[in-house]
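Here, each number is a calculation from the coordinates, and none is a lab measurement. Bear in mind that the values here come from a model prediction, so they are computed numbers and not experimental data. Positions of Cβ are generated from backbone atoms using ideal geometry, with glycine treated the same way; all protein chains shown enter the neighbour counts.
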Amino acid sequence: MQLLAETAGARRILEIGTLGGYSTIHLARALPAGGSLVSLELDERYAGVARENIREAGLVDRVEVRVGDAKALLARMVEDGEGAFDLTFIDADKGGYPAYLEWALRLSRPGSLILADNAIRGGSVLDPEDEYARATRDFNEALAKDPRLSALVLPLIRERIDGIAIARVLVD
Ligand SMILES: C[S@@+](CC[C@H](N)C(=O)[O-])C[C@H]1O[C@@H](n2cnc3c(N)ncnc32)[C@H](O)[C@@H]1O
């Protein structure tokens, strides 16, 4: 992801789902001087851990962690005209992925990248038995069908097979 952000020349990055700030730090390392990253996290305790890790990584000047439900925070960002982000990374509650895609599109510009983690889920998206697999499958289908996007899901071998969705926004 860091390489993708560097290759895209991303100056403004949005992350949905911070946890301890691991992906936040990698993405923030791709930013040029003057770049910024906003990361959204539901849990105040995780946000605290992430802020500490971000401080230790020397990235406080470019990273802001906001606490709250991402859907509410994203709605406010759209209302406040906070776009456009050059890259959005979706990695929060899987049930929210379809909605996050719509918010990410509203906060993007043509050429922006939208990435999403856990897009294969051990293959369960092919025959979903739980709500998370179903939401991820809906998300993948939306990516594949949306004429505003050019997209793929890249398989990654972890403990089990998973994948990252990579989409490029084509139009406003
Ligand atoms: C998979 S973890 C993120 C991992 C992180 N992106 C990384 O790779 O290092 C998902 C995070 O999303 C947060 N989350 C879950 N539901 C959320 C919501 N509705 N709004 C914001 N954050 C949420 C969880 O608290 C958790 O910290």
**Request:** State all residues of region 36-66 that are surrounded by fewer than 18 Cβ atoms within 10 Å (Cβ to Cβ), small (Gly, Ala, Ser) and not in a helix (DSSP H, G or I); if no residue qualifies, say none.
**Result:** 36, 57, 58
**Asked** Taking interchain pairs and intrachain pairs at least six residues apart, which have beta carbon atoms under 9 angstrom, with the first residue in region 66-85 and on the phi > 0 side of the Ramachandran plot and the second more than 8 Å from the ligand (Cβ to nearest atom) and assigned to a helix (DSSP H, G or I)?
**Response** 68/76
**Request:** Answer yes or no: is there a residue in region 104-122 that is in contact (Cβ under 8 Å) with a residue 24 or more places away in the chain, surrounded by fewer than 17 Cβ atoms within 10 Å (Cβ to Cβ) and within 16 Å of the ligand (Cβ to nearest atom).
**Result:** yes
**Request:** Would you point out the residue of region 16-37, among those that are in contact (Cβ under 8 Å) with a residue 40 or more places away in the chain and touching a Leu at 6+ places or on another chain (Cβ under 8 Å), that is farthest from the ligand (Cβ to nearest atom)?
**Result:** 27
**Fill in**
Among residues of region 67-93 being more than 9 Å from the ligand (Cβ to nearest atom), not hydrophobic (A, V, I, L, M, F, W, C) and not in a loop (DSSP other than H, G, I, E, B), the residue nearest to residue 155 (Cα to Cα) is 88
**Request:** May I ask you to verify whether residue 52 is farther than 28 Å from residue 128 by Cα and more than 13 Å from the ligand (Cβ to nearest atom)?
**Result:** yes
**Item:** residue 1 vs. criteria touching a His at 6+ places or on another chain (Cβ under 8 Å) and touching a residue at least 12 places away in the same chain (Cβ under 8 Å)
**Value:** yes
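Just to be sure, is residue 13 part of a strand (DSSP E or B), crowded, with 17+ Cβ neighbours inside 10 Å and more than 9 Å from the ligand (Cβ to nearest atom)?
yes
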**Request:** Could you check how many residues of region 70-90 are closer than 30 Å to residue 124 by Cα and surrounded by 21 or more Cβ atoms within 10 Å (Cβ to Cβ)?
**Result:** 6
**Message:** Restricting to region 131-161, give me the number of residues that are among the charged types (D, E, K, R) and loosely packed, with under 12 Cβ neighbours inside 10 Å.
**Reply:** 5
